[in-house]
Amino acid sequence: MPDLAALGALSENDVRALVASLMDQVQHHALQAQRDQTALRHSQAKIDALTHELRLLRHWRFAPRSEVLHADQRALFEQDREEDIAALEQRIEDINQASLELSTQQPAKTPRPRVQPVRTPLPEGLERVEVRHEPAGFDGKSCPCGCGAVMVRVGEDVSEKLDYVPGTLRVQRHVRGRWACRVCERWEQEPMPAHVIDKGLPSEALLAHVVVAKYDDHLPMYRQSEMFARAGLSISRSTLSQWSGAVGQALLPLVQALRQEVLGCSVLHADESPIQVLGHQGDAQRGYIWAFSPARGQDIQAVVYEINDGRAGQHARRILGRLSSAERDKEEKEKEQQQKDKGKPATLGAPEPIPWSGHLMVDDYSGYKALFEGSARLGASLCGAEDSANTAAVIELGCWAHARRKFHELHVANQSPMAKEALARIASLYAVEAQIIDRELNTQQAKDLRAKSSLPVLDELKPWMLAQRQAMTKGTAGAKALEYSLRRWEALTRYAHSGHLPIDNNPIERLIRPWALGRKNWLFAGSMKAAERAAAIMSLIESAKLNGLEPQAYLTDVLRKLPTQLNSRIHELLPTHWKPQGC
């Protein structure tokens, strides 16, 4: 730009040209500044979007399990979540760095070197296979340079990689020698051992693998067929299904014995979940899985599943042996009519079951209400160990997880102060339960701790809920959340007067989840009978896992022993009693 003296010497045309040039420069800088501001706004918007996504991923990953995605949904994303978080963090860092350069017009700083993560050592018990790597063309003696000197091995570098060899198939050759006496013409031969599928192709280990892969690993038969084909053996889906059906049928007596053991416990969890079942005409109909499991602290840990064609409370009463005489007569007549329609002779009716009595933990489903009527209401105030004298009653236990869920949904949706306060008070109840588990308290110690810490919280919680309810309009979300707890207050607080009753129904809900994951893979059961066999197999698999058993090893041994096991000793094969060989 010219100085003042030179500016005064310029002609009018030169001044106009200089002004036009300066205006062009100003306009150019203004446009550049506008573009920079737009780029900054876009960068900030991108940072905000990525930050939100990162927070959501971290919430799914690190938040308490009850507040995040369903366990089955989390499992679908678990393998990619850490990679997604790392990628988002890197993208945000790059955008922040670019924004800094754009705003300050300064060169980017040298990025900090990433710390190399320390890998967890591989277990010592794994088999090690050495793969040697030596310099190419080296004979192990003379120096490759040609100096003639002998080289000496001064050390080695070892790096370990985790290898995998797919499961292999092998053939069992059962060789039975025939022995004969030339004098008396007598011959001897050991008979073929009894198998679940006589004269069939699969061994017990292969049968156990097929059913565990389907019902524990949730692999449909067509996927297993493809896996066997990759191993060089063609096994059709229909064949695998026949094997699974034979196993389910063979295990039914074992599941009946397991059901008797479960119903021998005085405190049970119960829940139900839908499953699609194909009808005779190929149309899908809805069935229901009913699950019953003893509460923590009972003599056994197990679960029994039963499939029924509906969700009516009559099914729960049948399982617990508490059908009325009219209901039993009606069901017997329906069975007789079905036998006649199929052209089969009528069978003798089953003996009348012994009615179950005790404490039953359920949600607020109305189908269970008939179990708690009559004499159960008379025993509503009973909740200690002395309740065993009340053998005629089924006493309801309310689930605090369901009650809490109402307030949590309200808090997430509206940030309700009332819901936040309710969640804090309920959290103090669960803090007491955590102490009972962490300190491994016995029944009396747990009862004393609940009386000291839980009952005062409950005594204050009900008046607070009543006061909050009176201040709210009927029909609002807050009023409904409060009414749910107040309506079931006796059932919800019954646990706090004892040391052996559970606070919620979460254990049985966790045992229902394998069916939810299986539904995503199986889609439906081929028939009601197939669903019943699936329930039998899954009852044993999940009960084995509850008792710390490996399902494959357990079922292999059970299927090997079952054909020759005496009915009087069938309980020895139950997952609650079975021991691995050598134990």
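The values are calculated or read from the model by the stated rules, or taken from the named source; none is laboratory data. Since the structure is predicted, the reported quantities are computational estimates derived from the model, not experimental observations. Don't worry about glycine lacking a Cβ; one is built from the backbone with ideal geometry, like all the others, and counts go over all protein chains shown. Note: areas computed on protein heavy atoms with side chains; ligands, DNA, RNA excluded. Shrake-Rupley method; radii C 1.70, N 1.55, O 1.52, S 1.80 Å.
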Among (1) under 22 Å from the mean Cα position of the chain (by Cα); (2) modelled with pLDDT of 85 or more, where does Leu254 come up short? (1)
Can you give me the number of residues within region 533-581 that are part of a helix (DSSP H, G or I) and farther than 20 Å from Arg510 by Cα? 21
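If you check Lys452, Lys529, Lys474, which single one turns out to be without any contact (Cβ under 8 Å) to a residue 12 or more places away in the chain and within 26 Å of His218 (Cβ to Cβ)?
Details: Lys452 fails: within 26 Å of His218 (Cβ to Cβ); Lys474 fails: within 26 Å of His218 (Cβ to Cβ).
The unique qualifying residue is Lys529.
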Report every pair of residues separated by at least 6 positions or lying on different chains whose Cβ atoms are under 7 Å apart, first residue within region 295-311 and part of a strand (DSSP E or B), second open to solvent by 60 Å² or more (accessible area, probe 1.4 Å). Ile307/Glu532
For region 557-577, enumerate the residues that are more than 15 Å from Ala250 (Cβ to Cβ), out of contact with any Leu (no Cβ under 7 Å at 6 or more places or on another chain) and either of a type in the set (Ser, Thr, Tyr) or in contact (Cβ under 8 Å) with a residue 24 or more places away in the chain (or both). Ser568, His571, Thr576
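Mind checking which residues of region 489-532 are charged (D, E, K, R), crowded, with 17+ Cβ neighbours inside 10 Å, assigned to a helix (DSSP H, G or I) and modelled with pLDDT of 90 or more?
Pass one, region 489-532, residues charged (D, E, K, R): 490, 494, 504, 509-510, 513, 519-520, 529, 532.
If we keep only those that are crowded, with 17+ Cβ neighbours inside 10 Å as well, we get 494, 504, 509, 519, 532.
Subset that is assigned to a helix (DSSP H, G or I): 494, 509, 519, 532.
Answer for region 489-532, where residues must be charged (D, E, K, R), crowded, with 17+ Cβ neighbours inside 10 Å, assigned to a helix (DSSP H, G or I) and modelled with pLDDT of 90 or more: just Arg494.
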Qualifying residues in region 397-441 (those that are free of Cβ contacts under 8 Å to residues at least 60 places away in the same chain and among the polar types (S, T, N, Q)) - the one farthest from Leu466 (Cα to Cα): Gln435
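Within region 212-223, is even one residue open to solvent by 70 Å² or more (accessible area, probe 1.4 Å), charged (D, E, K, R), within 22 Å of Arg560 (Cβ to Cβ) and at pLDDT 85 or above? Working first, answer last.
Initially, region 212-223 is screened for residues open to solvent by 70 Å² or more (accessible area, probe 1.4 Å), giving 217, 222-223.
Of the ones still in play, those that are also charged (D, E, K, R) are 217, 223.
From what is left, the residues that are within 22 Å of Arg560 (Cβ to Cβ) are 217.
This time we only want the ones that are at pLDDT 85 or above, so: 217.
Yes, because at least one residue in region 212-223 is open to solvent by 70 Å² or more (accessible area, probe 1.4 Å), charged (D, E, K, R), within 22 Å of Arg560 (Cβ to Cβ) and at pLDDT 85 or above.
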Tell me which of these Pro463 doesn't satisfy, since it passes every other one: (1) under 27 Å from Ser357 (Cα atoms); (2) modelled with pLDDT of 90 or more. (1)
